[in-house]
Every structure is written in structure tokens, then in C-alpha cells.
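These notes are about the structure you will find just below.
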Number of protein chains: 2
Amino acid sequence: MSLLDRIRTCQIWDRARYRPFRVAGQSVGWVTGDVAQRLRGFPKLFRISDASVDLDPGLTSFEARSEAVAEALLALKAEGLVRGWRNEPYPVGTDFYAPPLMQMERAAVPLFGVRAYGVHINGFVGEGEDLKLWVGKRAANKQTAPGKLDHIVAGGQPMGLSLMENVIKESAEEAGMEAALARQARPVGLVSYITERSEGLRNDICFAYDIVLPDSFVPHNTDGEIESFSLWPIAEVRRRMAEREDFKFNVALVNIDFLIRHGHLSPDEPGYVDLAEGLRL
Amino acid sequence: MSLLDRIRTCQIWDRARYRPFRVAGQSVGWVTGDVAQRLRGFPKLFRISDASVDLDPGLTSFEARSEAVAEALLALKAEGLVRGWRNEPYPVGTDFYAPPLMQMERAAVPLFGVRAYGVHINGFVGEGEDLKLWVGKRAANKQTAPGKLDHIVAGGQPMGLSLMENVIKESAEEAGMEAALARQARPVGLVSYITERSEGLRNDICFAYDIVLPDSFVPHNTDGEIESFSLWPIAEVRRRMAEREDFKFNVALVNIDFLIRHGHLSPDEPGYVDLAEGLRL
């Protein structure tokens, strides 16, 4: 089952190449030696050793840390190290439920290997063999994964929203879904991984949701991020993911989780255990 | 959320106390120093070092290994080390899908920390807030977990059956379910853990199935293993698992997975990430 290749793509991490990134003495991410070297340009802000990179412990508040780091990131952006600036602050902390220790521009998050969160929504019609999944095709000018296949709705989790608020916001922007419908999305679990990508270390938790859509609903994108939508028979989603890499890397994982939860993969098939155990850290 | 306590009960494993148990040079389990000491009584059969316990490499077939080990286990049974003999051979190997290297009496499996497999079936009626789960109460004379709360159907995976064949067999024995109904059970994932219990190291994969039952169906036990069945509102299952330990340890995990998959826990609730990530190795 070459669906396993989709899992392995999300398990590329040589821990020995990384040292912890710590804020207020707490480990919140992972930094390579190369990145640590670039951070030496800010000797007041970062305490760098072979064992770790610590943010200046003299910065004792969320605001002070966030502002000082933002300034350094702007300099690193000018140097070309931080690419694809989005003006989207992400929380930085040890736990999704604890108050964040600081915030950091989304584009820099993979350089610091900071854990990021997102909502991933499987929108479908029908059931059993007749189940069809809505598949989006990302716009060719998207910063990340242009042209790749995607969920009907997915998005990173910004500061200050609950997950369900983000589901509703993203469902409106990406698929033109009204709040009353989006609210029917049901949380069904999560997928998590740490893996190296061109942008740095992706240390992510994808919260998964299912939504059964009315046959009459047709998604329309309002933010220019999705070029087109189409309804795929579930068997076709499975076949395509096994044969090709055209689903975005983490979308493939959430889709495999969907196949497992809905009984479209059988535990009597070789590879099932590795697939299921490979979906979460 | 003290559901997390149910997860922590399944994460009790001090790896430093164990050495690999190897068959044909392949690691298939974990043995404590105490057990290794007892195995020194069979110097021809087990090669024991501080680093590992190896089955005699001169035993080169499934049959030869199984017979030699069975003989030793009978002696250990007589000594009281192997308790609760069941006459149920379990496969021993590196992978669920590879041909097993040998078989071993079920009662001895935790002493060797060998990975064991089982099918766990969530049988329910209704949906959403009105969903009700069938809960079995184990007979007071059951060898393991007497009197504990259980699924409608669950059972260890023996040699020579597919998982679906086992689902059908166990559904008939434990709940009086006809094959045509049992076949509607849908595979929905797995739960896995390594944890110390009184019987030894439980190194298990529980394959989970959901079955939507007709309102008219009432389970009746045919093998004496379940004393009674009752229908529990899903909120009551959740509350009971958070407050008490009366669900069997691994049944609680499969039930938490059920709560997550059916949207009865919200990722906006603290603890959700640890619960979800704690359900699988």
C-alpha cells in the first residue's frame, strides 16, 4: 500500500541536527545549526549554545518577547532567511491550551520548529461506497503548495480564535459556506507530525472535522486561494493518494485518517497498522 | 479532564527494566530481569544476556519453536509463573501481516511482552446527543478484569482467523449476533499501547469497529463471559470513564477513541491533544 509513502513524507526528521528553542526556559521548538548561526547576529536576543537556543530571559512578558522577536524577524526577512511574510501572528507556547508565551509571524514558525495548529475539514456527500469527497485545487499563485489538491476547507490557527470560530471563518472564506452550515462540522480527531520541508521544520497538529454537506451545496471560493472544487468518489481519492503526490502533504494524512475512520481501509490489509500509528506523534 | 487518567494507566512502562525478547534474531517482545532469571532454568532454549533474551537459533521452524516453548511454558505453569492457562495459541512475530515466527499460549504472552491483537466493537443506536452505547458487564468469574464494564463484543485475535472472521465469531459468542448483522461492523481505526499490568507487559493493538444496531436488537451472551448488557447514553459513558475506573483499562481507550471520532469531545477542551495522541503508540 503506497499510501505509506504519504506517511513517510511526514516523518523526515533527524533530531540530532536540531537543538531546542526555548522561551522562558521552556522548550517550544527546534532550531538547526544553520539557523542558530544566523541568530548569532542578534546576541542580545538569543543565547546560543550547542545544546539550545534560548530567548533572552530578560524579556518577561508576551508583548516584550513578541516585539523583540518581530524586529529580528524583519531583519531576517530583509536578509532573505524568512520568506513569504504573511502578517499572521501565530501563538508560541508549550501547550495548545496554555496561554502562549509570545507570538511569531507565521512565515518564521518553521525556522524555529514551533508547533503550529490548523483546522482541516472533510466535506462530503453520500455514504459507504457512494461517498464523495469535495476536493479543492489550490491556486497556482499560493505561497505554499501551489496547484496541490486540498480539502474543501482548511486553514492555519491564528491567535485569538477558538478552533470552531476558525472553522466558521475559513468555511466562509474558502468555500462560501454560511455559518449555520459550517457549525455542523463535527470534530473527529487529529493528525500530528514533525517533518522537514523546504520552509523549515513543520511541527504541526491538524485538527480534523467532518461535515456532511447537502447535495445542493456547491462550494465557491471567496479569497482566491482555491482555484476550483470537484466531487471525488472516495475510491478515487484513495487511488490517487496511493499513486501520486498531488494532494498537499498534510492533506493526504487527514484524508488517510478519513479513509480509516469511515472503513474505507481494512485492518486485514497489510500496512494498516503502520498507517494508523503513523498519523499521530 | 480526568479521562487522561485512563490514558496514563496505559502508559506505565519503564523500558530500562526490560530487555528485548528475540526470535530468529528479530525483536518480538520485552522481558524483565525477573522473568529472564526464571528462563535460566531452560539454558538450551533461551540464550540470556543483560542485553537480550534470544530463543535458541537452532530452532528454525514455526513448529519447532512453538513446541519447544510450549514445553517450557508447561513447566513454568507448574511453577506458578504462567497463570490462567487458556489453551489459546497466539501468533508471535514482528508484524501483524507477516507470517508468525511461532505461536505461544495466550496466558504467557504478557510475560514475554509479545504484541497481541484484539477486535473491539462499539455497538450503538441513535446519533448525536441521543446516541446510546451498548455496555457489557463482565462475568464475576472471568479470569481477567472480572466484573468490569466492557464493549458489546471484544476478543483477542487468535491464530488462523482474519480480523473480520474474528468479529463474526466473537459477535455470535458474546452477544448472540447473527453473521449477517455482525458483518456490518465497520473498521474505524485502532488503539495501541505498551503498559505494565499484574499479568505482565501488555503490548497490544486493539482494532476498533463501529456497528449501528437496530433498535430491536438486544444482545444475549452465549459463552458465559458477559453477565449483563445495558444501553448507556453516550454522555453517561463519558462521565463514568472520567470519574471511575470501572471500564476495563483498554475498553476505556477504545471508548475515548469513539468519543473523539463521533465528536463527543471538543478539541477546544483542554487535554484533547494529549488524549488523542495518547491513544496510539
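The table that follows gives values for the structure above.
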| quantity | calculated |
| --- | --- |
| The stretch B:1-86: relative contact order as a whole-number percent, Cα under 8 Å and 6+ apart | 21 percent |
| Whichever lysines have a C-alpha closer than 22 Å to that of residue B:248, once near sequence neighbours (fewer than 8 apart) are set aside | B:132, B:137, B:142, B:148, B:169 |
| For the protein assembly as shown, share of DSSP beta bridges that run antiparallel, in % to the nearest 5 | 75 percent |
| 7 Å along Cα→Cβ, label-point gaps from residue A:9 to other copies, nm, shortest first | 4.0 |
| Under 23 Å from the Cα of residue B:44 - lysines, other chains or at least 8 residues apart | B:77 |
| For the stretch A:42-101: rounded, prolate or oblate by the Cα gyration tensor [a/c cutoff 1.5] | oblate |
| Neighbour-count order for B:53, B:218, fewest beta carbons within 10 angstrom listed first | B:218, B:53 |
| For residue B:179, inter-copy label distances in nm, listed shortest first [label point 7 Å out on the Cα-Cβ vector] | 5.4 |
| Residues residue A:216 and residue A:244, FRET efficiency given R0 of 22 Å [Cβ-Cβ distance, rounded to 0.05] | 0.10 |
| Top positive-direction residue, dipole computed over the protein assembly as shown with Cβ charges, set A:247, A:43, A:3 | A:43 |
| Least to most buried among B:164, A:102 (fewest other Cβ within 10 Å first) | B:164, A:102 |
| Computed lengthening from residue B:44 to residue B:85, 0.36 nm per intervening residue step minus Cα-Cα distance | 12.4 nm |
| FRET efficiency estimate (nearest 0.05) - Cβ-Cβ, residue A:183 to residue A:141, R0 35 angstrom | 0.70 |
| Shortest-first nm distances, residue A:159 label point to equivalent points in other copies (7 Å, Cα→Cβ) | 6.3 |
| Lys/Arg +1, Asp/Glu -1 at C-beta; chain A dipole; positive extreme among A:122, A:155, A:134 | A:155 |
| Relative contact order [Cα under 8 Å, 6+ residues apart], the stretch B:161-257, whole percent | 25 percent |
| Under 12 Å, Cβ to Cβ, from residue B:19 - net charge with Lys/Arg +1 and Asp/Glu -1 | +1 |
| Relative contact order, percent, the stretch A:125-209 [alpha-carbon distance under 8 Å, six or more residues apart] | 16 percent |
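Any read-out appearing in this document is the output of simple, stated calculations on the displayed coordinates, not a laboratory observation. Bear in mind the structure is a predicted one, so any value in this text is a computation, not a measurement. Methodologically, a virtual Cβ is constructed for each residue, glycine included, from the backbone with ideal geometry; neighbour enumeration extends over all protein chains shown.
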